[in-house]
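Below is one structure; the comments refer to it alone.
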């Protein structure tokens with residue numbers, strides 16, 4: 001069974017839910033349509049990469065993009081949860097990378113096929129350690145960064161989410177059901193771009209988290 005860290009404690013990993021198209025500027029940069037409800041896809045647990053792991057680019061893609069995101073860890077099962085209670089089920093928050101084989105995704109989308117081949121390859125779900133919810137005053141007033149080779153590539157503000165953390169958790173709990181150990185990638189801001197072998201990616205949540213990944 002895969003595990004992740006909240007502080008220094010190992011905890012079990014369940015499903016990996018991902019939310020697409022949750023920041024308006026990212027929707028614009030990829031010329032997508034603004035959704036009326038959360039766009040949900042999933043990654044296999046085998047795609048998980050922790051800070052000690054190098055990113056492995058898939059051989060079948062020549063255009064893998066970084067997508068830096070806030071990630072939620074569910075501490076308790078959540079079924080049909082109301083928005084005003086949603087954050088009571090959270091066990092931690094982290095920063096992650098939803099890596100995407102953009103060329104493969106475009107081809108699949110053009111054929112009306114699922115995205116898993118573009119989203120679920122080995123090391124496609126990079127993840128920092130989690131911090132406790134008690135360390136955060138307001139999850140919708142947070143800023144995070146991605147640096148690639150020392151230069152800021154993405155800068156996100158959770159206040160800009162189209163669907164808040166409360167709304168996402170409530171939605172997933174009603175449509176799919178959430179279990180303790182599930183994690184949720186909450187969407188990426190604008191600035192996605194290709195990564196190459198040898199790149200160093202640094203995820204930064206100021207005063208809270210810093211995690212570095214190297215591309216093999």
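Things to note:
- Breaking point among (1) outside any loop (DSSP other than H, G, I, E, B); (2) touching a strand residue (DSSP E or B) at 6+ places or on another chain (Cβ under 7 Å), for residue 198: (1)
- Test: residue in region 23-33 that is over 13 Å from the mean Cα position of the chain (by Cα), loosely packed, with under 14 Cβ neighbours inside 10 Å and at pLDDT 90 or above: no
Condition check ((1) over 28 Å from residue 81 (Cα atoms); (2) surrounded by fewer than 21 Cβ atoms within 10 Å (Cβ to Cβ); (3) without any contact (Cβ under 8 Å) to a residue 40 or more places away in the chain) across all residues:
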residue	(1), (2), (3)
162	no, yes, no
167	no, yes, no
172	no, no, no
183	no, no, no
187	no, no, no
207	yes, yes, yes
216	yes, yes, no
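- Residue in region 102-124 that is assigned to a strand (DSSP E or B), within 14 Å of the chain's Cα centre (by Cα), crowded, with 19+ Cβ neighbours inside 10 Å and in contact (Cβ under 8 Å) with a residue 40 or more places away in the chain present: no
- Condition check for residue 87: more than 20 Å from residue 148 (Cβ to Cβ), touching a strand residue (DSSP E or B) at 6+ places or on another chain (Cβ under 7 Å), surrounded by fewer than 21 Cβ atoms within 10 Å (Cβ to Cβ) and in contact (Cβ under 8 Å) with a residue 24 or more places away in the chain: no
- If the condition is being farther than 30 Å from residue 59 by Cα and not in a helix (DSSP H, G or I), then region 172-195 contributes 176, 177, 178, 179, 180, 181.
- Residues of region 125-158 that turn out to be over 14 Å from residue 210 (Cβ atoms) and part of a loop (DSSP other than H, G, I, E, B), as a count: 6
- Test result for residue 211, touching a residue at least 60 places away in the same chain (Cβ under 8 Å), part of a loop (DSSP other than H, G, I, E, B) and surrounded by fewer than 22 Cβ atoms within 10 Å (Cβ to Cβ): no
- Identity of the residue in region 127-139, surrounded by 14 or more Cβ atoms within 10 Å (Cβ to Cβ) and touching a helix residue (DSSP H, G or I) at 6+ places or on another chain (Cβ under 9 Å), that ends up nearest to residue 45 (Cα to Cα): 133
- Residue count for region 47-84 under the criterion of being under 15 Å from the mean Cα position of the chain (by Cα) and either surrounded by fewer than 17 Cβ atoms within 10 Å (Cβ to Cβ) or part of a loop (DSSP other than H, G, I, E, B) (or both): the result is 3.
- Residue in region 160-171 that is assigned to a helix (DSSP H, G or I), at pLDDT below 95 and within 17 Å of residue 69 (Cβ to Cβ) present: yes
The values are calculated or read from the model by the stated rules, or taken from the named source; none is laboratory data. Bear in mind that the values here come from a model prediction, so they are computed numbers and not experimental data. Quick reminder, even Gly has a Cβ in these numbers, built from the backbone with ideal geometry, and neighbours come from all protein chains shown.
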